[in-house]
Amino acid sequence: MTAAPPQVSTAGLPPQPTAAAQARRPSGVRKTSPHARREARAGFLWIQPWLIGFLLFSAIPIGVAIYLSFTDWSGGGAPVWIGFDNYTKIFTDDPLFWQSLKVTFIFVALYLPLSLILGLGIAMLMNQKFVGMGVFRTIYYLPSVLSGVAVTVLWGFVFHRDFGVINGVLNLVGIPGIPWLTSQTWVIPAIVIMQLWAVGSSIIIYLGGLQGIPTELYEAAGLDGAGWWRTFRAVTLPMMSPVILLQLILGLIGTFQIFTQAFVMTKGGPDYGSYFFSLYIYDTAFKDLRLGYACALSMVLFAIILIITAIFYGTSSRWVFYAADRGKNR
């Protein structure tokens, strides 16, 4: 005969829920403890200043701009609803839109790749251990914290056709001076050079990424007999690809909104050669007082930046290497 199982005493234990009670209990719902609720309330209170600032200075203005883009408004009186007329005019009857968009795309195509390459190259040099390297890092970062207007005025003197530093050096070696700011051909390269002078902020981000690469990877590459170029391609570039993607997206957003340099130094000239999209929005809003049309232009710029950013981010899985994801797939 089989022995009966021992009886376990349930005295002092909480009563077990009945089958009906278990059926009524929602599946997957966890009861939040009072401590967790207090922490959630405290966290919500701490983010109130940021949330209020975001609503007042970002969300609400964007919503108002979207509404005004469908109106005819000069800043006084009530906006007049005109539907998609502003957008129709932008794409079918506005030559300045296409000119400013072309100038902006040319600048982005020239500046963005050069800034990525130059920033990474200088960061790799600054990642070496030399005496006084901290001083050089500070010097390279200083242009990033200077006033954009002051820097633009300074470079206006540097690019002066008759008394500028660059043309003075060219004249010393027998090369005629270049009309940097008075020629449609040279005005965009001049602004690109000026912007490349201030890549210090990107260098700091690159340095952080370079210093996060494990030294064991470089040691393994050295043991395999890899040279500098092969080590750069096989170790540095893949490990830095997330940082490069970040810099690419941030640079894309910033370059499409370039304004101060052209506004201060060239006023969009010569012959609209530096008439960037942001400068066109400014002139439309505050010179022509067509605020509704300017809001529509702003929405078009936002859509362009959003689409290009989404394309870069969507295709990043083909060339961006994430060490954490690689470890999970093993």
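None of the figures in this text is laboratory data; all of them are computed from the coordinates on show. The shown structure was predicted, so the numbers you read here are calculated from the model rather than taken from an experiment. When we count neighbours, we look across all protein chains shown, and the Cβ atoms used for this are built from the backbone with ideal geometry, even at glycine.
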Roughly what percent of Cα-Cα pairs across the chain reach past 26 Å? 67 percent
Which one of Thr309, Leu297, Ser274 is farthest out on the positive end of the charge dipole of the chain, using unit charges on Cβ (Lys, Arg +1; Asp, Glu -1) and the Cα centre as origin? Thr309
If we count other beta carbons within 10 Å of each Cβ, what is the order of Ile244, Ile66, fewest first? Ile66, Ile244
Determine ³J(HN,Hα), in whole Hz, for all residues of region 217-228 in sequence, where each value follows from phi through the Karplus function 6.51 cos²θ - 1.76 cosθ + 1.60 and θ = phi - 60°; x replaces Gly and Pro. 5, 5, 5, 5, 5, x, 5, 7, x, 6, x, 5
Please list, ordered by chain and number, the residues whose modelled amide H lies under 5 Å from the amide H of Thr71; skip anything fewer than 5 residues away on the same chain. Ile82
Residue-ordered couplings for region 304-321, obtained by feeding phi - 60° into the Karplus form 6.51 cos²θ - 1.76 cosθ + 1.60 and rounding to whole Hz (Gly and Pro as x), are 4, 4, 5, 5, 5, 4, 5, 5, 4, 5, x, 8, 5, 5, 7, 9, 8, 9
For Cα pairs less than 8 Å apart in space and 6+ apart in sequence, what is the mean separation divided by the residue count of the chain, i.e. the relative contact order in percent? 25 percent
Qualifying aspartates and glutamates (Cα of each under 18 Å from Cα of Lys267; at least 8 residues distant if same chain): Asp283, Asp288
Given the convex hull over the Cα atoms of region 37-85, what projected area results after averaging over all orientations, in nm²? 4.9 nm²
Looking only at Lys102, Lys287, Lys129, which one moves most when the chain is put into a Gaussian network model with springs between Cα atoms under 10 Å? Lys129
Most mobile of Ser317, Ser278, Ser202 in a GNM of the chain (Cα contacts under 10 Å): Ser317
How would Ser144, Ser58, Ser100 line up from fewest to most surrounding beta-carbon atoms within 10 angstrom? Ser58, Ser144, Ser100
